[in-house]
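J.: Please read through the structure below; I'll follow up with questions.
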Amino acid sequence: MNTPRTRRRTAAWARLSDEQLLKLRFCDLGLTVRGSNIEGAMRRLYEELGSRGIHFRPHIWLSEEWFSPDGVPGIAVPFYLAHPRLARLERSLMGQVEGGNSRWLMRILRHEAGHAIDNAYRLRRRKRWREAFGPASLRYPDRYKARPGSRRYVHHLGDWYAQAHPTEDFAETFAVWLTPRSGWRKRYADWPAVRKLHTVDELMAEVRERPAPVRTRARIEPIDANTRTLAEHYRRKAARYRQYRRGMVDAMLQWVFSEDRPRRGAVRASTLLRAHQRALSDAVSRELGLPRYSVREIMRAMIDRSEALQLYVRGDRRDAVQVSRWLLERLASLYSQGETPHIPL
């Protein structure tokens, strides 16, 4: 008798071309978590929670994207992680597979588990939660302005994601707290963010061994009830991607630099970028294996737009150079993938 893993690998649609596969509906794929890499990762997550005395187990289901809905103590995982053929399609069309390796997958699952535990125990209603992270009722922003040099937030998923919203701040802090051998007490010892980690530690001590008040097993937008075709999904995803890419340089520069002159004698962002132009371009070119000319053109655009937008360096200049390298790597990676993914119909 074939195992679920074997059945999935020999599914008829797995041998289809991309163009043929895109014509299929999600609900016709017969996808399940069982037997996939997701199943093993969830077992590992449950073991990590258990080792911390947390007996609640977030449920999991397949959907179009990663998310953990408000009020539901569970985790939606993107469909493409349930089968290697779909992961190849995702990489072909979008340039990457979010959560596509075991390390990345566990990092995201720990973050989403933070949201699920927050929902399960209604932690955001507690005064201590609000004092540490802020009100969860704040409107979720379309964009957030990162403070790369800030030590009030932990670093986990990247992009200074903890700064996006109080609920993301909690989820990122929870993920760092949960990660085995993260050494958070030592790593964050002299950061203000350590107080948030201690808050998470105290909150988890309070709910440890206790049943969760919210135990609904609701599945929001499950893939097995989704009649949309993969082509429709990727057309929508590509449209969001194009919108994200539009004005990318300006948006990301405004994200990491200041539009207001923070103090007398502050350094202009364009001055800092120009001073490190050659070193940063050469380093990123080597790191990403991209033509030096292409990277320098992106760097030149960053300098020109920083000057036009009259942006200034925030905080320490050494931190600003590191952030500038990250920004150049991010933009070079995006632009090396071409203007937009091609979605055959």
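J.: Scan region 52-66 residue by residue and report those that are assigned to a strand (DSSP E or B) and more than 16 Å from Asn226 (Cα to Cα).
T.: If the condition is that a residue be assigned to a strand (DSSP E or B) and more than 16 Å from Asn226 (Cα to Cα), then His59, Ile60 are the ones that fit.
J.: May I ask you to verify whether Asp250 is under 22 Å from Asp159 (Cα atoms) and of a type in the set (D, E, K, R)?
T.: Against the criterion (under 22 Å from Asp159 (Cα atoms) and of a type in the set (D, E, K, R)), Asp250 qualifies.
J.: Can you find a residue that is among the aromatic types (Phe, Trp, Tyr), assigned by TED's automatic domain parsing to the domain that holds Ala120, within 30 Å of Ala320 (Cβ to Cβ) and not in a strand (DSSP E or B) anywhere in region 185-206? Steps first, please.
T.: Step one: filter region 185-206 for residues among the aromatic types (Phe, Trp, Tyr), giving 188, 191.
Now narrow it down to the ones that are assigned by TED's automatic domain parsing to the domain that holds Ala120: 188, 191.
Checking which are within 30 Å of Ala320 (Cβ to Cβ) leaves us with 188, 191.
Add one more test, that the residue is not in a strand (DSSP E or B), and what stays is 188, 191.
Yes: one or more hits.
J.: Just to be sure I understand the filter: pairs with C-beta atoms under 8 Å, separated by 6 or more residues or on different chains, first member in region 60-71 and more than 19 Å from Lys237 (Cβ to Cβ), second member polar (S, T, N, Q) and surrounded by fewer than 17 Cβ atoms within 10 Å (Cβ to Cβ). Which pairs pass?
T.: Within 8 Å, the pairs are Gly71/Thr216.
J.: Restricting to region 10-31, what's the tally of residues that are assigned to a loop (DSSP other than H, G, I, E, B) and among the small types (Gly, Ala, Ser)?
T.: Keep residues of region 10-31 that are assigned to a loop (DSSP other than H, G, I, E, B), which gives 10-11, 16-17, 22-24, 29-31.
Subset that is among the small types (Gly, Ala, Ser): 11, 17, 30.
Looking only at that region, the number is 3.
J.: In addition: Which of the residues belonging to region 133-188 are farther than 17 Å from Glu48 by Cβ, small (Gly, Ala, Ser) and surrounded by 15 or more Cβ atoms within 10 Å (Cβ to Cβ)?
T.: Answer for region 133-188, where residues must be farther than 17 Å from Glu48 by Cβ, small (Gly, Ala, Ser) and surrounded by 15 or more Cβ atoms within 10 Å (Cβ to Cβ): Gly134, Ala136, Ala146, Gly149, Ser150, Ala162, Ala164.
J.: Of all helices (runs of 4 or more DSSP H) completely enclosed by region 216-326, which ones contain at least 2 residues that are hydrophobic (A, V, I, L, M, F, W, C) and closer than 30 Å to Gly30 by Cα? Give the steps one after another, and end with the answer.
T.: Working: elements: 230-245, 248-256, 269-275, 277-288, 292-309.
Fully inside region 216-326 and qualifying: 230-245.
J.: Among the residues in region 81-96, are any buried (at least 23 other Cβ atoms within 10 Å of the Cβ), under 18 Å from the mean Cα position of the chain (by Cα) and in contact (Cβ under 8 Å) with a residue 12 or more places away in the chain?
T.: yes
J.: Identify all residues within region 211-242 that are in contact with a helix residue (DSSP H, G or I) (Cβ under 8 Å, 6 or more places away or on another chain) and either assigned by TED's automatic domain parsing to the domain that holds Pro69 or polar (S, T, N, Q) (or both); write none if there are none.
T.: Quick first cut of region 211-242, residues in contact with a helix residue (DSSP H, G or I) (Cβ under 8 Å, 6 or more places away or on another chain) only: 212-215, 223-230, 233-234, 237-238, 241.
Correct list: Asn226, Thr227, Thr229.
The values are calculated or read from the model by the stated rules, or taken from the named source; none is laboratory data. Because the structure is a prediction, the values reported are computed rather than measured. Ideal geometry is used to build each Cβ from the backbone, glycine not excepted, and the neighbour counts take in all protein chains shown.
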